[in-house]
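K.L.:
Take this structure first; my questions come after.
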Amino acid sequence: MESPLLQLKGAVAGDAPDQEIAAHYGEPSQEQRALEAGRAFVDRSNRGVVRIAGPDRLRWLHSLTSQHLEGLKPDEPTEALLLDVNGRVEHHLSLVDDGEAVWAHVEPGAAPALVEFLDRMRFMLRVEVADESERFAVVTLAGEPGASYPHGERGLADPVTGGVDWIVPRERLATLPEDVPGLRPAGMWAYEALRIAAHRPRLGLDTDAKAIPHEMGWIEVAVHLNKGCYKGQETVARVHNLGRPPRRLVFLHLDGSVDRLPKQGDPVEIPGGRTIGFVGSAARHHELGPIALALVKRTTPVDAELLAGGVAASQEVVVSPDTGANAQIALRRTAANRA
């Protein structure tokens with residue numbers, strides 16, 4: 001549903017999947033600087049919100065997801081993945097338990113499928129699952145929680161801004177600017193630029209239907225490697241102990257002399273025309289210039305110059321080529337740089 005904050009002066013709607021919220025409010029660069037400095041909030045109310053209640057909720061979610069949740073303490077935020085039987089990522093959850101229920105937020109449009117799956121898996125356990133997206137919304141407050149953080153609302157740490165993802169009743173969106181004095185609104189362009197610079201992939205933009213946790217760098221933040229069985233665990237364990245993923249996430253510095261950004265899904269090529277991956281998210285960062293995330297073949301030399309949607313790009317390693325198999329292997333380099 002369209003956010004009431006799109007009625008603010010200067011608001012411009014984003015592109016899919018963020019068309020229901022603002023891309024910016026007329027000052028993209030200033031909004032990004034304010035967000036980075038902890039002086040802004042971001043309307044992320046298009047994200048799905050799911051509530052899981054009941055005394056068995058943590059034990060049950062522990063058995064289903066990639067994360068160790070049995071001993072999760074109230075107000076301790078974490079991330080978790082739901083995988084298919086082949087270890088491919090189906091859902092990425094940011095979640096927190098408030099002592100009575102687990103609150104999770106997921107990508108736009110993902111909540112109905114998540115709730116349908118969880119409902120099928122309840123069996124005789126004492127859990128209740130509800131899609132709360134129509135009643136609650138996610139707003140990110142940059143900076144450390146302080147006077148501007150409303151007491152008593154559910155919140156969990158936001159890894160991009162260092163602030164808080166605040167889960168609020170949806171009717172409060174209209175009065176949000178008055179509720180957080182001293183914070184200006186910043187659009188998703190600002191948030192996405194900081195997310196890309198932080199090397200944080202986004203499910204559905206930086207992934208495809210074949211993406212597995214090792215490729216995306218989610219092993220460090222959303223997967224517990226010493227827990228019981230869950231769907232897809234075999235792939236995680238096999239890659240971690242015996243093999244290597246076929247692809248890896250990279251951060252791209254794009255040619256700033258080009259007046260366009262590559263589009264999501266554009267091919268990433270080694271000059272000469274050989275496609276070795278695809279572009280995920282791209283943005284203009286106020287200091288770094290045009291940047292992007294891409295998923296490329298693991299064997300791509302780490303210093304190879306690339307073309308991302310036809311735009312020249314140099315890469316930074318996000319996921320190392322030697323990830324998995326618990327082995328240390330020297331990074332591959334082009335023949336010219338080995339000489």
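K.L.:
Regarding the stretch 16-38, can at least one residue be identified that is assigned by TED's automatic domain parsing to the domain that holds Ala157 and among the basic types (Lys, Arg)?
P.N.:
Applying the first criterion (assigned by TED's automatic domain parsing to the domain that holds Ala157) to the stretch 16-38 yields 16-38.
Within this subset, residues satisfying the condition of being among the basic types (Lys, Arg) are 33.
Within the stretch 16-38, one or more residues are assigned by TED's automatic domain parsing to the domain that holds Ala157 and among the basic types (Lys, Arg).
K.L.:
Hey, another quick one. Quickly run through the stretch 70-100 and pick out the residues that are in a strand (DSSP E or B), of a type in the set (Val, Ile, Thr) and over 18 Å from Gly217 (Cα atoms). Give the steps one after another, and end with the answer.
P.N.:
Step one: filter the stretch 70-100 for residues in a strand (DSSP E or B), giving 78-83, 89-97.
Those left that are additionally of a type in the set (Val, Ile, Thr): 78, 89, 96.
Answer for the stretch 70-100, where residues must be in a strand (DSSP E or B), of a type in the set (Val, Ile, Thr) and over 18 Å from Gly217 (Cα atoms): just Val96.
K.L.:
Out of the stretch 232-275, which residues are under 30 Å from Ala80 (Cα atoms), buried (at least 19 other Cβ atoms within 10 Å of the Cβ) and of a type in the set (A, V, I, L, M)?
P.N.:
Of everything in the stretch 232-275, those that are under 30 Å from Ala80 (Cα atoms), buried (at least 19 other Cβ atoms within 10 Å of the Cβ) and of a type in the set (A, V, I, L, M) turn out to be Val236, Val239, Leu249, Val250, Leu252, Val268.
K.L.:
Which residue, of Ala13, Ala23, is surrounded by fewer than 22 Cβ atoms within 10 Å (Cβ to Cβ) and touching a Gly at 6+ places or on another chain (Cβ under 9 Å)? Spell out how you get there, then give the answer.
P.N.:
Details: Ala13 fails: touching a Gly at 6+ places or on another chain (Cβ under 9 Å).
Testing whether each residue is surrounded by fewer than 22 Cβ atoms within 10 Å (Cβ to Cβ) and touching a Gly at 6+ places or on another chain (Cβ under 9 Å) leaves just Ala23.
K.L.:
Going by the structure shown, is Leu61 within 30 Å of Glu234 (Cβ to Cβ) and outside any helix (DSSP H, G or I)?
P.N.:
no
K.L.:
Being at positive phi and outside the structural domain of Arg39 (by TED's automatic domain parsing) narrows it down to one residue among Gly204, Gly143, Gly228; which is it? Write out each step before concluding.
P.N.:
Numbers: Gly143 fails: outside the structural domain of Arg39 (by TED's automatic domain parsing); Gly228 fails: at positive phi.
It is Gly204.
K.L.:
Among the numbered conditions (1) within 22 Å of Ile167 (Cα to Cα); (2) free of Cβ contacts under 8 Å to residues at least 24 places away in the same chain; (3) not hydroxyl-bearing (Ser, Thr, Tyr), tell me where Gln67 comes up short.
P.N.:
(2)
K.L.:
So for the stretch 6-18 (the condition being among the aliphatic types (A, V, I, L, M), within 28 Å of Val115 (Cα to Cα), out of contact with any Phe, Trp or Tyr (no Cβ under 9 Å at 6 or more places or on another chain) and not in a helix (DSSP H, G or I)), does at least one residue qualify?
P.N.:
Scanning the stretch 6-18 turns up at least one residue that is among the aliphatic types (A, V, I, L, M), within 28 Å of Val115 (Cα to Cα), out of contact with any Phe, Trp or Tyr (no Cβ under 9 Å at 6 or more places or on another chain) and not in a helix (DSSP H, G or I).
K.L.:
Does the stretch 31-58 hold any residues that are closer than 24 Å to Phe117 by Cα and in a strand (DSSP E or B), and which are they?
P.N.:
Residues satisfying the conditions are Gly48, Val49, Val50, Arg51, Ile52, Ala53.
K.L.:
Separate question: Kindly list the number of the only condition in (1) touching a His at 6+ places or on another chain (Cβ under 8 Å); (2) of a type in the set (A, V, I, L, M, F, W, C); (3) over 26 Å from Met188 (Cβ atoms); (4) at pLDDT 95 or above that fails for Ala325.
P.N.:
(4)
The values are calculated or read from the model by the stated rules, or taken from the named source; none is laboratory data. Keep in mind it's a predicted model, so treat the numbers as computed, not measured. Reconstructed Cβ throughout: ideal geometry from the backbone, glycine too, with neighbour counts over all protein chains shown.
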